[in-house]
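See below for the structure under consideration.
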Amino acid sequence: MDIIVLEPGTPESNVKNIIKKLESKGLKTHISHGTERTIIGVIGDTSKVTEDEEAAIRAMSGVENVVRILKPFKLASRDFKKENTEIKVRDLVIGGKKIHVMAGPCAVENRAILFSIAEKVKAAGATILRGGAFKPRTSPYSFQGLGEEGLKYLAEARERYGLAIVTELMDTKDIDIVLKYTDIIQIGARNMQNFKLLLEVGSTNKPVLLKRGLSATIKEWLMSAEYILSRGNQNVMLCERGIRTFETATRNTLDLSAVPLLKQITHLPIVVDPSHGVGKRDLVPPMAKAAIAAGADALMIEVHTNPEEALSDGEQSLKPNTFIKLMSELKPIAEAVNREL
Ligand code: PEP
Ligand code: MN
């Protein structure tokens, strides 16, 4: 909150009240009388002014508008840190020149299926294996994941195929077990505003992949990242996975405009998940290409050796051959935007 625009003809007593209020928050003011409007410039660390306090100032008599120049998110903002954040995951760097692809099944179903998928995605050039062991399912009757058994299979696959792993944490009570196995903690869309969970992962130094909430604005999403960053964990990547709109022809609406926008306002790496974004296998490759063209640092793609029999998200999972083809088609696009795959 850096500039307060006053209504024309605001009486001096109201101006004084506004200034008093700002000074009570440790801020200084600078008044500029224009021909039509008087403007109060606010000097000092306005990042500590909460949204509620800002709303209270906005409601004071005489205030026409409050223009916040400093964004409500601070640690996540480019104003705070100019250089792109690069996150080390084992021997990989996410957010550097190389674009990483995280691929694998929606859920870890059993060892054999996970291993055959891992082998295929590794051969195609993926560097990170995805797979849920704790699954946030819409129905309580759907497959809920293998829990720790699934995490063990992921860790075994990491050793066997030389892939880093990413898996979802749904509940604070499982944090130790997930930390023990995974290289990246995924916070799912449904938990983007589970603030306790965010603070818990913020207290670790494990890389976190924070998915965008089903109906979250970019600001809300960045405020969630801020929860993690504010606890000291600087290894946060944001994952666009589609948002709810009026459109029902696709599972969600993949908001690719978020990618270049986020690149302007935050230094955090951006991941795009076209699989959940569109929900239909045939639409995944074109949107994966578009994501790279838009500036994504990494992709997350669901792949299954037998999608027809998958225990979750089979309809959006690529078959290995399609994934191999896609990986080769992504290369020239990455090069065209001065990246490598
Ligand atoms: C997933 O990655 O399988 C998943 C459940 O994603 P989201 O939280 O984006 O729905
Ligand atoms: Mn899924």
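Every number here is computed from the coordinates shown, using simple stated rules; none is lab data. Because the structure is predicted, anything quoted here is derived from the model rather than measured. We place every Cβ from the backbone using ideal geometry, glycine too, and count neighbours over all the protein chains shown.
Some points to look at:
- In region 295-319, the residue that is surrounded by the fewest Cβ atoms within 10 Å (Cβ to Cβ) out of those that are within 12 Å of ligand 2 (Cβ to nearest atom) and among the hydroxyl-bearing types (Ser, Thr, Tyr) is SER312.
- Applying the condition of being within 16 Å of ligand 2 (Cβ to nearest atom) and part of a loop (DSSP other than H, G, I, E, B) to region 225-243 and asking which residue is surrounded by the fewest Cβ atoms within 10 Å (Cβ to Cβ) yields ARG241.
- Hits in region 204-221 (condition: part of a helix (DSSP H, G or I) and either under 24 Å from ILE165 (Cα atoms) or without any contact (Cβ under 8 Å) to a residue 40 or more places away in the chain (or both)): GLU220, TRP221
- For region 29-89, the strands (runs of 3 or more DSSP E) that sit wholly inside it and include 2 or more residues that are within 15 Å of LYS16 (Cα to Cα) are 38-43.
- Looking across VAL101, VAL166, VAL121, one residue alone is closer than 28 Å to ILE333 by Cα, part of a helix (DSSP H, G or I) and touching a Gly at 6+ places or on another chain (Cβ under 9 Å). It is VAL121.
- Looking across region 120-140, just one residue is more than 15 Å from ligand 2 (Cβ to nearest atom) and within 17 Å of MET170 (Cβ to Cβ), and that is PRO140.
- The single condition among (1) touching a residue at least 60 places away in the same chain (Cβ under 8 Å); (2) in a helix (DSSP H, G or I); (3) surrounded by fewer than 22 Cβ atoms within 10 Å (Cβ to Cβ) that ARG137 does not meet is (2).
- Whichever residue in region 289-312 is part of a loop (DSSP other than H, G, I, E, B) and under 29 Å from THR85 (Cβ atoms) and, among such residues, is farthest from ligand 1 (Cβ to nearest atom): GLY295
- Residue list for region 6-49, restricted to those being among the β-branched types (Val, Ile, Thr), crowded, with 16+ Cβ neighbours inside 10 Å and in contact with a strand residue (DSSP E or B) (Cβ under 8 Å, 6 or more places away or on another chain): THR10, VAL15, ILE18, ILE19, THR29, THR38, ILE39, ILE40, VAL42
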